[in-house]
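Trainee: Pasting a structure here, questions to come.
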Amino acid sequence: MNALPDGITHDTWQGLDVLRLQSPHSTALLSLYGGQLLSFVPHGFDDLLWLSPDSALPPKAIRGGVPVCWPYFGRQGREADAPQHGHARLTRWQLVDARTQVDGSLQLKLALPLEPGVPLELAMTLHVGKELRQSIDTLHRGDAPYTLTQALHTYFRVADARRASVTGLDGLHYADKYDGETHRQSGPWSLHDPRDPGHSDRIYTGTGHRFDLLDPAGGRRIRLDTFGSRSLVVWNPGADGARDIADMPHDGWQQFICLEAANASDDRIDLEPGQRHRLSQVISVGPL
């Protein structure tokens, strides 16, 4: 598309070409590279998303915001040299439509260019208003069954990750990447879990659809509602892990918690030719 509606302008931020979205309720930044939301700031609150100040620039993946992991999560079932989390976050998306809603909120539709050898189409819808609504829609255009894994890899900004906690996970089982075992969650998640303190790389299965990230140092509760997923990834590399990540400050881990609406690990989506699947999240915020 050519003309942009009022409230959407071209800009640069941290060396990235972005679209700046401004509604009566919030502002946001979107990179067409990766189809990646970089910032979402509801009026009256600080940014809900974290972007690394040391992030790599295209053609490498952007560290932070909401990377789109698709059509696979990690390198699940792929060769060792396959791009981590798939090609969607390494490709420039096309802006198909952008319009202003009656209440002044903004709605955008994007499409991922087709990838040779991948019989899937991917489209994204973003609604930027009092809350953020994001959906990715997969359509199987091939002639044989296809197994899909995916995630909206959201980096939620917190004032102090060491004081943050997540509700909605009590009693669920999770696969722990650090020991390769399955465990059961007791109480809210936090980095002070006595079983494995200081970091987190977990895939919770059989989840509900509502999770609250409590950020007492920031005085706010971030709410995540997910749809079309049966798993949630909770990731924070901790102090030791952050030192091994080149595009993250050593203290960056203290400023975010990743909560990822996902279909990952054993939670796979088996698509028949012509079938569709939608993965969605709604992000909102309120005071503690």
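Bear in mind that the values in this text are calculations on the coordinates, not laboratory data. Only a predicted model underlies this, so the values are computations on that prediction, with no experimental measurement involved. No Cβ is skipped: glycine too gets one built from the backbone with ideal geometry, and neighbour counts run over all protein chains shown.
Trainee: What number, in nm² with one decimal, is the all-direction average of the projected area of the convex hull of the alpha-carbon atoms of the stretch 157-245?
Mentor: Numbers: hull surface 23.6 nm².
For the stretch 157-245, the mean projected area of the Cα convex hull comes to 5.9 nm².
Trainee: Determine the relative contact order of the stretch 63-154: mean sequence separation of Cα pairs under 8 Å and six or more apart, normalised by residue count, in whole percent.
Mentor: Working: 163 pairs, mean separation 27.9, N = 92.
Value for the stretch 63-154: 30 percent.
Trainee: Residue by residue through the stretch 275-288, what is 3J(HN,Hα) from phi via Karplus (6.51 cos²θ - 1.76 cosθ + 1.60, θ = phi - 60°)? Round to whole Hz and write x for glycine and proline.
Mentor: 7, 10, 9, 10, 10, 9, 9, 10, 10, 9, 8, x, x, 6
Trainee: Please get the size of the charge dipole for the stretch 32-127, origin at its Cα centre, with Cβ charges of +1 on Lys and Arg and -1 on Asp and Glu, quoted in debye to the nearest 20. Spell out each step's value before the answer.
Mentor: On the way: 8 positive and 9 negative charges, 32 e Å.
The calculated dipole for the stretch 32-127 is roughly 160 debye.
Trainee: Separate question: What do you get when you divide the Cα radius of gyration of the chain by 2.2 N^0.38 Å, with N the number of residues?
Mentor: Details: Rg = 18.2 Å, N = 288, 2.2 N^0.38 = 18.9 Å.
The reported ratio for this selection is 0.96.
Trainee: With no solvent and one point per C-alpha, what does the Debye sum give as log10 I(q)/I(0) for the stretch 134-288 at q = 0.10, 0.14, 0.18 Å⁻¹?
Mentor: Result of the Debye calculation: -0.38, -0.71, -1.09.
Trainee: Further, regarding this structure: For the stretch 142-285, give the magnitude of the charge dipole about the Cα centre (Cβ charges: +1 Lys/Arg, -1 Asp/Glu; no others), in debye to the nearest 20. Intermediate values should be presented prior to the final figure.
Mentor: Values: 16 positive and 21 negative charges, 118 e Å.
Rounded to the nearest 20 debye, it is 560 debye.
Trainee: Work out from phi, with θ = phi - 60° and the Karplus expression 6.51 cos²θ - 1.76 cosθ + 1.60, the ³J(HN,Hα) of each residue of the stretch 192-197, listed in order in whole Hz, and give x for Gly and Pro.
Mentor: For the stretch 192-197, the Karplus-derived couplings read 9, 3, x, 5, 7, x Hz, x marking Gly and Pro.
Trainee: Something else now. How would you classify the stretch 118-196 from its alpha-carbon gyration tensor, with a ≥ b ≥ c the square roots of the eigenvalues: rounded for a/c under 1.5, else prolate if a/b is greater than b/c, otherwise oblate? The partial results should precede the final answer.
Mentor: Working: a/c = 3.11, a/b = 1.49, b/c = 2.08.
In terms of gyration-tensor shape, oblate.
Trainee: Give me the net charge of residue 144's neighbourhood, meaning all other residues with Cβ under 12 Å from the Cβ of residue 144; Lys, Arg count +1, Asp, Glu -1. Working shown, then result.
Mentor: On the way: positive: 141; negative: 143, 270, 272.
Result for the local shell: -2.
Trainee: May I ask you to sort 265, 31 by Cβ crowding, counting other Cβ atoms within 10 Å and putting the fewest first? Intermediate values should be presented prior to the final figure.
Mentor: Working: 265 18, 31 23.
If I rank by nearby Cβ atoms, fewest first, I get 265, 31.
Trainee: If you put +1 on each Lys and Arg Cβ and -1 on each Asp and Glu Cβ, how big is the dipole of the stretch 100-189 around its Cα centre, in Debye rounded to 20? Show your work: numbers first, answer last.
Mentor: Numbers: 9 positive and 11 negative charges, 68 e Å.
Dipole magnitude for the stretch 100-189 comes out near 320 debye.
Trainee: Hey, if you put +1 on the Cβ of every Lys and Arg and -1 on every Asp and Glu Cβ in the chain, which of 173, 156, 21 ends up farthest toward the positive end of that dipole?
Mentor: Value computed over the given set: 21.
Trainee: If amide H atoms are built 1.01 Å from N in the plane of the peptide, which residues on other chains or at least 5 residues away come under 5 Å of the amide H of residue 33?
Mentor: Those lying under 5 Å, H to H, from residue 33 are 93.
Trainee: With contacts defined as alpha carbon pairs under 8 Å and 6 or more residues apart, what's the relative contact order of the stretch 8-287 in percent? List each step's numbers first, then the result.
Mentor: Details: 743 pairs, mean separation 51.1, N = 280.
Relative contact order here is 18 percent.
Trainee: Moving on to the next point. Please turn the phi angles of the stretch 250-256 into ³J(HN,Hα) values with the Karplus equation 6.51 cos²θ - 1.76 cosθ + 1.60 (θ = phi - 60°), one per residue in order, whole Hz, x for glycine and proline.
Mentor: Couplings: 4, 9, x, 4, 6, 10, 8 Hz.
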